[in-house]
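Structure record follows, encoded as structure tokens.
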Amino acid sequence: MNVEERYYVKKISSIIGKSSSYKNYLQYYDEYKSAFVFFVKNLGRIKEIYDCVPCGFCGRKFEFSDLDILSIKRQIKNEKIEKAFENFLKGVKKYDVRHNALLGPSAGEFPNSFWNKNVSFKICPLCAYLIIHHHKALTRLEDNSEIFINAPSFKVMWYLNKYLQTVYEKEKIATTKELLGMSIIEMALKVNVQLGKWNMMNIEIVTKSNGKVDFFSMPYEITVLLSNHEVASLLNDIGELKVLNLILNSDFIKVLELAERIFKIALKPEKERSEQDKKFISENIKLQKNIENLTSLSYKLFKLYAVIEEKAKKEAFV
């Protein structure tokens, strides 16, 4: 793992004192930067230790054992960095402003104590790592808002956010509904992941903008449709946002109407098409491949509607 490249190339907003920026190692000194590298490289060593205090977030007892710490120090071979590593481990155990400026309390303590009547809130190394780097899971849009797809399954969540970033980089779509829909389509086409009913009912996109957090949940029936490989394949092949939005809005009959109108226009020689026909195509069809082959596009739309109708009649969107 190239820790230097992965964690230190981009600066992010400071939560340490008055410094203008920091780079994920919780303190602004070179020793802490080096200590953080050893923390990341050895994170796979953590294990549940019986007599360890449970993490306040995950409830597990993950920790570095004393033997692991000694082994890591042997890797370091530098007294200053060894000391910084010890201090770093002590620092990340108490959840505070260093982990998250918005949610974290003052350094090391919760004012007026906490639910367990203890001024400290212990977190495990894994949760500390995830909290410190939560920004890496967010996709930043052109308006500086940040979005994240949440799902009960970590595997599904990982894939959806991976494809969310890919879709946005390619399309620069502005609406979260379209981004969520296209991310589900990408996952349906590229990953052999079976979505259970619970996952489909609880997929949501989280938007963080100007200090506010909003949520959008896809209706269960639409999530099931987009997760179907045949539907996803047709929508991907068609490639028109107009059609995707008809599905997202459950306007299935309009898919049929669009197919019929395009087919009627396609039957006319190009010279005989009215200005109204040309305007309709211009307003509803954006991809050149579809404009050049309206008959093929109408066929795909008819097929998409037929597939949706078939699944609706069976009352089983699978």
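The values are calculated or read from the model by the stated rules, or taken from the named source; none is laboratory data. Because the structure is predicted, anything quoted here is derived from the model rather than measured. Positions of Cβ are generated from backbone atoms using ideal geometry, with glycine treated the same way; all protein chains shown enter the neighbour counts. Ligands, DNA and RNA are stripped out before the accessible areas are found, and what is left, the full protein with its side chains, is counted by its heavy atoms. Shrake-Rupley method; radii C 1.70, N 1.55, O 1.52, S 1.80 Å.
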Checking Ser250 against (1) part of a loop (DSSP other than H, G, I, E, B); (2) over 21 Å from Leu180 (Cα atoms), the condition it does not meet: (2)
Index of the failed condition, Tyr168 passing every other in (1) under 17 Å from the mean Cα position of the chain (by Cα); (2) touching a residue at least 40 places away in the same chain (Cβ under 8 Å): (2)
Candidates Ala232, Ala266, Ala259, Ala174 - the one that is at pLDDT below 90 and of a type in the set (A, V, I, L, M): Ala174
Filter result for Ile265 (open to solvent by less than 70 Å² (accessible area, probe 1.4 Å), within 21 Å of Met182 (Cα to Cα) and touching a residue at least 24 places away in the same chain (Cβ under 8 Å)): no
Which listed residue, of Leu225, Leu246, is closer than 23 Å to Asn150 by Cβ and surrounded by 14 or more Cβ atoms within 10 Å (Cβ to Cβ): Leu225
Restricting segment 54-77 to residues that are free of Cβ contacts under 8 Å to residues at least 60 places away in the same chain and small (Gly, Ala, Ser), the residue that is most open to solvent (accessible area, probe 1.4 Å): Gly59
Residue satisfying condition, being under 19 Å from Phe121 (Cβ atoms) and not in a loop (DSSP other than H, G, I, E, B), within set Lys90, Lys73, Lys80: Lys90
Test: Phe280 is closer than 30 Å to Lys136 by Cβ, surrounded by 13 or more Cβ atoms within 10 Å (Cβ to Cβ) and aromatic (Phe, Trp, Tyr): no
Residue that is surrounded by the most Cβ atoms within 10 Å (Cβ to Cβ) [pool: residues in segment 283-318 that are not in a helix (DSSP H, G or I) and not aromatic (Phe, Trp, Tyr)]: Ile285
Boolean, Leu241 is out of contact with any Asp or Glu (no Cβ under 8 Å at 6 or more places or on another chain) and surrounded by 15 or more Cβ atoms within 10 Å (Cβ to Cβ): no
Where Lys268 falls short, out of the listed (1) touching a Lys or Arg at 6+ places or on another chain (Cβ under 8 Å); (2) within 30 Å of Glu292 (Cβ to Cβ): (1)
Subset of segment 107-161 [modelled with pLDDT of 75 or more, open to solvent by 20 Å² or more (accessible area, probe 1.4 Å) and in contact with a Ser or Thr (Cβ under 8 Å, 6 or more places away or on another chain)]: Asp143, Asn144, Glu146, Phe148
Number of the condition not met by Gly181 [criteria: (1) at pLDDT below 75; (2) surrounded by 13 or more Cβ atoms within 10 Å (Cβ to Cβ)]: (1)
